[in-house]
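Here the structure comes first, spelled out in structure tokens, and everything after it is commentary.
Read-outs throughout are calculated quantities, based only on the coordinates presented, and are distinct from any laboratory measurement. Quick caveat: nothing in here was measured; it's all calculated off a predicted structure. Every residue, glycine as well, gets a Cβ built from its backbone with ideal geometry; the counts of neighbours run over all protein chains shown.
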């Protein structure tokens, strides 16, 4: 470890001073079977030059592809100004704004972000932030269990049409806290079916509804929200924030609105990269704000009447007793939240709506053309979608995906790895079409798609 400034003599002197025979003695409280003797699978270090060559080689693999991928991460246009501004030193290397007098810029940015997210979701409070959409759901589940004190079941019902990665992450995080996550059935129309779960016995602490769901279908949000509330369950909404420019926000679902809202902020100026990083968000009603993980920024006036910003609520273990902390989140995705804030301020309501409308137009065009091909049909007949939809192919979708990959086209997400319990899942393909897709790209996609189908069906 050449970059550690201590020489062997320095280390020896320090060990002698504290009366230890070796560094291993400093960790003797950790059982031997828990100590990592070596990092298996981690290659030896390389020079800076070799590292840059390796990273450049990997990055080049993402270049030149036409992207129709979705399922939580979308290829939206990112205005140049977003990362030109976010990459400034004061943002790029900003630390947690503990000293308000030295962090007014950062604090104001977070305040503006929370204000915009609260407006988008029609909720009273927003945090800033959690790691991603999946951890946002997990934290929302923990939050709901703490908040719904009347319900002692410690069971949370998640729609089977929610993102499977989110469900798995939530199970992993909350499972050791004796919280059970039940997953509901999916109807033939791709929508959530939960009525049976509220008949007899104790209702779940909360119901998780994703809208639009993993397959791009729009859920019966009012019916589900009212059903949950009628049975004393809270409602956790998982949303793609871009869709809130046209869809009714969660705060207005049903008679009284969702209680907690979470999701992934990736559509707001964050490149898809190779799958991350991104940032998660959580919003909630005022009555649950003290259960909200993360930090909340407030605006006030100083003794001279000047506007100032400060950390208002910080319900995490660094600030309060560990047993009272809402989460052990030790950081947030501050840089990505910065980019998201800049994106939202540049786009505004008009820009967001225009982006969604163009995406919908492109998706509707592609969907219509693909459904004209022999053997291609909606996977969930009768469902409504925005710019993401699921089709059933006359061949296994993995075959199509692999062949279109040779033409530099990312055709979509194969359904089978995520929904193997659904009939014909191996033929399902989830396709997302954003505002970036041109008519020529769509036409080329249809052409290649048709050629693969024709060739494969001839061999059957």
Between residue 353 and residue 398, the FRET efficiency computed from the C-beta separation at R0 = 56 Å comes out, to the nearest 0.05, as 0.95
Considering only DSSP beta bridges where both residues belong to the chain, give the percentage that are antiparallel (nearest 5). 55 percent
Whole-Å distance linking the alpha carbon centroid of segment 31-84 with that of segment 300-314 is 40 Å
Helix-only [θ]222 nm of the chain, DSSP H runs n ≥ 4, -39500 (n - 2.57) each, per residue, nearest 500: -11000 deg cm²/dmol
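Which of the peptides 152-160, 25-33 is most tightly packed, and how do the rest follow, judged by the mean count of other Cβ atoms within 10 Å per residue? Don't jump to the answer; show the numbers that get you there.
Working: 152-160: 20.9, 25-33: 8.8.
Ranking, from highest mean packing down: 152-160, 25-33.
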Label selected from (i) 68, 61, 48; (ii) 78, 55, 41; (iii) 80, 57, 52, the criterion being Cα extents along the principal axes in Å as computed here: (iii)
Can you give me the angle between helix 221-230 and the longest principal axis of the chain, using Cα atoms only, in degrees from 0 to 90, rounded to the nearest 10? 60 degrees
If 143, 14, 116 are placed from fewest to most neighbouring beta carbons inside 10 Å, the sequence is 14, 116, 143
Which residues in segment 78-106 have a backbone N closer than 19 Å to a point placed 7 Å from the Cα of residue 273 along the Cα-to-Cβ line? 78-96
Once both axes come from the Cα atoms, what is the angle between helix 104-121 and the longest principal axis of the chain, in degrees from 0 to 90, rounded to 10? 30 degrees
Which percent, to the nearest 5, of DSSP beta bridges fully inside segment 94-209 are antiparallel? 20 percent
Once you put a point 7 Å from the Cα of residue 49 and another 7 Å from the Cα of residue 459, both along the Cβ direction, what distance in nm separates them? 4.6 nm
For labels at residue 346 and residue 180 in the simple 7 Å Cα→Cβ model, what's the distance in nm? 4.9 nm
Working from Cα positions, state the angle (0 to 90°, nearest 10) between the long axis of helix 48-60 and the longest principal axis of the chain. 20 degrees
